[in-house]
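Derivation of every value follows stated rules applied to the coordinates shown; laboratory data play no part. Treat the numbers as computed from the prediction; the structure is a model and nothing was measured. Note: ideal-geometry Cβ built from the backbone for every residue, glycine included; neighbour counts use all protein chains shown.
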Amino acid sequence: MDRFLTTHVGSLPRAADLLDQIIAREEGHAVDEAALAARIEQAVADVVAKQAAAGIDIINDGEQSKPSYATYIKDRLTGFGGTGTSYVFQDVEDFPGVKQRIFGDAGRKHRKTPACNAPITAKDMEAVHIDAANLNRAIAAHPGKQAFMSAASPGVTALFFRNDFYTSDEDYVMALPEGLRHEYEAIAAAGITLQVDCPDLAMGRHTQFRDLDLKGFRAKMELNIAALNHATRNIAPEQMRMHLCWGNYPGPHHCDVPLADIIDLIWTARPHAIQFEAANPRHAHEFAIFETVKLPDGKKLIPGVVECQSPYIEHPGLIAQRIARYAHLVGRDNVMAGIDCGFSIHAGSGGVDPDVVWAKMAAMAEGARIATRQFWP
């Protein structure tokens with residue numbers, strides 16, 4: 001590598017006609033599955049082309065086929081036929097007006113999260129292969145680009161879908177890897193970098209595990225990481241990355257667990273690269289922890305250098321500064337430029353205009369070029 005590479009977290013805006021079909025299917029309405037499959041394939045080709053045009057190096061399918069980054073799992077595994085799961089975000093409980101706006105978001109209104117009420121096994125073994133084939137076909141038109149594909153972690157699956165079947169939450173979490181590993185291994189077998197989305201390891205502190213103290217939360221983290229490591233045991237760490245997230249919603253986030261309180265456990269997860277929020281106002285200061293925290297051998301950082309909730313287009317000079325902060329601390333070869341989170345994590349959600357999304361990505365690519373000139377003179 002002779003430059004700073006660029007990537008992002010996953011979800012990208014969906015075209016209005018595709019969005020209508022995805023929401024209709026999510027609501028249980030009949031859709032023309034053949035027509036929808038063709039539309040998804042075209043949408044993937046379009047979104048891959050836009051990423052390439054913006055200058056992104058490691059690109060994905062924009063999660064065009066999925067209703068959200070995590071809830072799609074209910075359609076690929078058995079066991080999720082219970083009643084809906086409700087959520088409490090500790091930070092927004094202090095601000096009722098903010099809570100109303102967040103839960104009134106169009107994407108969240110259509111989010112389906114039935115509880116686990118039966119044994120978990122793999123159900124739809126074909127969907128992930130279709131997703132991988134669509135991405136590989138699309139990326140073939142853009143030589144020099146690399147591919148990644150996101151998948152829900154065991155921990156975030158347990159966070160979204162309440163356990164009403166297994167004797168204990170530990171039994172539930174450890175039952176998930178055998179169902180999920182088929183998804184993970186199919187992505188890796190297609191030659192695509194697997195990205196495992198792990199909001200449970202940060203957002204879980206002020207949602208699912210808000211009543212625990214830090215020690216209790218860390219114990220839950222250890223369980224979720226053990227499940228993740230077991231599920232990915234057949235995939236090389238170098239072919240995986242993980243996304244650490246405090247929740248991609250426009251809330252106050254004053255209850256977010258500090259990165260310094262959990263980073264030692266994050267290193268124990270098998271994926272070699274760690275993506276994390278580093279651009280938004282709550283976490284932008286945390287680059288300083290790497291003044292004292294040593295990056296373990298074999299690990300790399302993908303800090304967010306662009307914020308996904310703000311309509312501001314970050315100045316490329318600022319992006320270059322953010323990249324440089326990490327490169328000075330952990331070494332230029334251990335840093336890649338990323339985005340805090342996805343732009344449309346639930347189909348229909350997202351407060352940034354699609355045209356601004358692409359402009360923000362182009363700004364990131366320019367910022368990476370500026371930083372590259374500083375570190376590879």
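Suppose we look only past 15 Å in the calculated P(r) of the stretch 156-238. What percent of the Cα-Cα pairs does that tail hold? Can you show the working numbers first?
Numbers: 2015 of 3403 pairs.
So the portion of pairs separated by more than 15 Å is 59 percent.
Remark on the stretch 58-155: hydrodynamic radius 16.0 angstrom, per the Kirkwood mean of 1/r across alpha carbon pairs.
Taken over the Cα atoms of the stretch 101-201, the convex hull encloses 140 Å³ per residue. Model label points for T268 and R233, set 7 angstrom from Cα along the Cα-to-Cβ axis, are 1.7 nm apart. The HN-Hα couplings worked out from phi for the stretch 267-275 by the Karplus form 6.51 cos²θ - 1.76 cosθ + 1.60 (θ = phi - 60°) are 4, 7, 6, 5, x, 7, 10, 10, 9 Hz, whole numbers, x standing for Gly and Pro.
Computed from backbone phi with θ = phi - 60° and the Karplus coefficients 6.51, -1.76 and 1.60, the 3J(HN,Hα) list for the stretch 76-81 is 10, 10, 7, x, 9, x Hz; x is used for glycine and proline.
Only Cα sites of the stretch 133-176 enter the Debye sum here, all with the same form factor; the resulting log10 I(q)/I(0) across q = 0.20 1/Å is -0.64, listed in q order. The ratio of the alpha-carbon radius of gyration of the stretch 294-375 to the globular-protein estimate 2.2 N^0.38 Å is 1.16.
Indicate, rounded to the nearest 5 percent, the antiparallel portion of the DSSP beta bridges found entirely in the stretch 16-375.
Working: 4 of 28 bridges.
That works out to approximately 15 percent antiparallel.
Can you check what the net charge comes to around N60, using other residues whose Cβ is under 14 Å from the Cβ of N60 (Lys, Arg +1; Asp, Glu -1)?
Taking every Cβ under 14 Å from that of N60, the sum is 0.
Please report, to two decimal places, log10 I(q)/I(0) for the stretch 180-332 at q = 0.16 Å⁻¹ as given by the Debye formula with identical point scatterers on the Cα atoms and no solvent. Taking Cα atoms of the stretch 180-332 as identical point scatterers yields -0.97. Taking Cα centroids, how far is the stretch 116-131 from the stretch 243-283 in Å? Each part's Cα centre sits 28 Å from the other's. Per-residue ellipticity at 222 nm from helix content only, as computed over the chain with -39500 (n - 2.57) for each DSSP H run of at least four residues, stands at -12500 deg cm²/dmol. Considering Cα pairs under 8 angstrom that are at least six residues apart, work out the relative contact order of the chain and quote it in whole percent. Reported as a whole number, the value is 22 percent.
Place the peptides 304-316, 220-232, 60-72 in order of packing, highest mean first, counting for every residue the other Cβ atoms within 10 Å and averaging per peptide. All intermediate terms of the calculation are to be shown ahead of the outcome.
Details: 304-316: 19.4, 220-232: 21.5, 60-72: 25.9.
Top to bottom by mean Cβ count within 10 Å: 60-72, 220-232, 304-316.
For the stretch 45-93, what is the Kirkwood estimate of the hydrodynamic radius, computed as the reciprocal of the mean inverse distance between distinct Cα atoms, to one decimal in Å? Result for the stretch 45-93 stands at 14.1 Å. With the convex hull drawn over the C-alpha atoms of the stretch 253-320, the volume per residue is 108 Å³.
The charge dipole of the stretch 16-375, taken about the Cα centre with unit charges on the Cβ atoms of Lys, Arg (+1) and Asp, Glu (-1), comes to about 580 debye, rounded to the nearest 20. Cα-based values for the chain, radius of gyration first and Dmax second, are 19.3, 59 Å. What's the FRET efficiency of K215 with F95 using the Cβ-Cβ distance as r and R₀ = 25 Å, to the nearest 0.05? After rounding to 0.05, the efficiency reads 0.35.
The amide H of S349, built 1.01 Å from its N in the peptide plane, has G107 as neighbours under 5 Å, considering only residues 5 or more places off or on other chains. Whole-percent P(r), the stretch 1-120, all Cα pairs, 10 Å bins from 0: 11, 32, 32, 21, 5, 0.
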